[in-house]
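**Q** Have a look at this one.
The values are calculated or read from the model by the stated rules, or taken from the named source; none is laboratory data. Owing to the predicted nature of the structure, the values given are computational and were not obtained by experimental measurement. Using ideal geometry, Cβ is built from the backbone for each residue, glycine included, and neighbour counts are taken over all protein chains shown.
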Amino acid sequence: MAIILLALLGAYLLGSIPTALWVGRWFFNLADIREHGSGNAGATNTFRVLGKKAGTFVLLFDAFKGFAAAYFLPNWLLSQGVIAPENLFYFRLACGVLAVVGHIFPVLAQFRGGKGVATILGMMLAIAPATVGVALLVFLAVLSTTRYVSLSSMTAGLAFALLQLLPPFRPANPLQVWFGFLLAAMLVYTHRANIGRLRAGTESRVPLWGKK
């Protein structure tokens, strides 16, 4: 039991690594990225405030946090004989969710983190890579036409949930379907301020080919 609790705690702490905050401090002498741009400690705001290179690194590392938590930690528990193979999926969910919670409410950054999109991406990549691949194409398609990261993220989340209803993407465990819709709802909730700005026409667009 202790080793399971250690893995769950490790998943939360992994998600709590405030990538955007630390990149801003260590490489750009920026005290707190949350005081700039949208006020968010995530990849999108890093792209806006610090540019493409920093934003890309934050995006990839935040996604890695979710993937590592949902893939490596449960596999470690399995290798230690602590959990049974038939329970691996449930521990992937548990560790992945804790990493996302850690990203949104990071103990290492006063519980003020990002919206969790990249970490959710990494988590679900460990669970349903094919479905995530199609959802990513949806994200890129919406982003290329609208340049709204918030709208692209919510659309991709909904696409992921709906794709799991189709036979080619239907998971073996029906809980994954419900979880997909829960994730889509969570993305909408964490983007509620963005929805207001989208409706008002004041949401920021990201430049796709510019320097920042």
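**Q** Please go through segment 174-198 and give me each residue that is loosely packed, with under 13 Cβ neighbours inside 10 Å and either in the same structural domain as residue 40 (by TED's automatic domain parsing) or over 19 Å from residue 100 (Cα atoms) (or both), ordered by number.
**A** Selection gives 174, 196.
**Q** Would you pick out the residues in segment 114-131 that are out of contact with any Lys or Arg (no Cβ under 9 Å at 6 or more places or on another chain) and within 15 Å of residue 62 (Cβ to Cβ)?
**A** Residues of segment 114-131 out of contact with any Lys or Arg (no Cβ under 9 Å at 6 or more places or on another chain): 114-117, 120-121, 124-125, 128-131.
If the condition is that a residue be out of contact with any Lys or Arg (no Cβ under 9 Å at 6 or more places or on another chain) and within 15 Å of residue 62 (Cβ to Cβ), then 114, 115, 116, 117, 120, 121, 124, 125 are the ones that fit.
**Q** For residue 141, indicate whether it is under 19 Å from the mean Cα position of the chain (by Cα) and surrounded by 15 or more Cβ atoms within 10 Å (Cβ to Cβ). Spell out the reasoning first.
**A** Details: under 19 Å from the mean Cα position of the chain (by Cα): yes; surrounded by 15 or more Cβ atoms within 10 Å (Cβ to Cβ): no.
Taking the combined requirement at face value, the residue does not satisfy it.
**Q** Output the qualifying pairs, or none if there are none: Cβ atoms under 6 angstrom, residues six or more apart or on different chains, first residue in segment 146-157 and over 14 Å from residue 180 (Cα atoms), second residue of a type in the set (Val, Ile, Thr) and crowded, with 22+ Cβ neighbours inside 10 Å.
**A** Taking only residues 6 or more apart or on different chains, the pairs are 149/44.
**Q** With (1) under 19 Å from residue 126 (Cβ atoms); (2) more than 14 Å from the chain's Cα centre (by Cα); (3) modelled with pLDDT under 95 as the list, and residue 77 as the residue in question, which single condition is left unmet?
**A** Of the numbered conditions (1) under 19 Å from residue 126 (Cβ atoms); (2) more than 14 Å from the chain's Cα centre (by Cα); (3) modelled with pLDDT under 95, the odd one out for residue 77 is (3).
Let's see how each residue does on (1) surrounded by 16 or more Cβ atoms within 10 Å (Cβ to Cβ); (2) more than 23 Å from residue 194 (Cα to Cα):
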| site | (1), (2) |
| --- | --- |
| 17 | yes, yes |
| 43 | yes, no |
| 55 | yes, no |
| 90 | no, yes |
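**Q** If the requirement is being touching a residue at least 60 places away in the same chain (Cβ under 8 Å), part of a helix (DSSP H, G or I) and within 14 Å of the chain's Cα centre (by Cα), which of these qualifies: 136, 108, 183, 121? Write out each step before concluding.
**A** Values: 136 fails: touching a residue at least 60 places away in the same chain (Cβ under 8 Å); 108 fails: within 14 Å of the chain's Cα centre (by Cα); 121 fails: touching a residue at least 60 places away in the same chain (Cβ under 8 Å).
Only one candidate passes the filter, namely 183.
**Q** Here's something else I'd like to know. Determine whether segment 87-102 contains at least one residue that is free of Cβ contacts under 8 Å to residues at least 40 places away in the same chain, among the hydrophobic types (A, V, I, L, M, F, W, C) and part of a loop (DSSP other than H, G, I, E, B).
**A** no
**Q** Being among the hydroxyl-bearing types (Ser, Thr, Tyr) and touching a residue at least 24 places away in the same chain (Cβ under 8 Å) is the filter; apply it to segment 186-206 and report the residue that is nearest to residue 125 (Cα to Cα). Before the answer, list the steps.
**A** Keep residues of segment 186-206 that are among the hydroxyl-bearing types (Ser, Thr, Tyr), which gives 189-190, 202, 204.
Narrowing the set further to residues that are touching a residue at least 24 places away in the same chain (Cβ under 8 Å) leaves 190, 204.
On the way: 190: 20, 204: 28 Å.
Filtering first and then ranking leaves 190.
**Q** Could you pull out the residue among 37, 66, 10 that is of a type outside the set (Val, Ile, Thr) and part of a loop (DSSP other than H, G, I, E, B)? Lay out the reasoning, then the answer.
**A** Details: 66 fails: part of a loop (DSSP other than H, G, I, E, B); 10 fails: part of a loop (DSSP other than H, G, I, E, B).
The conditions single out 37.
**Q** Looking only at segment 108-121, decide whether some residue is touching a helix residue (DSSP H, G or I) at 6+ places or on another chain (Cβ under 6 Å), under 25 Å from residue 34 (Cα atoms) and not assigned by TED's automatic domain parsing to the domain that holds residue 34.
**A** Checking segment 108-121: not a single residue is touching a helix residue (DSSP H, G or I) at 6+ places or on another chain (Cβ under 6 Å), under 25 Å from residue 34 (Cα atoms) and not assigned by TED's automatic domain parsing to the domain that holds residue 34.
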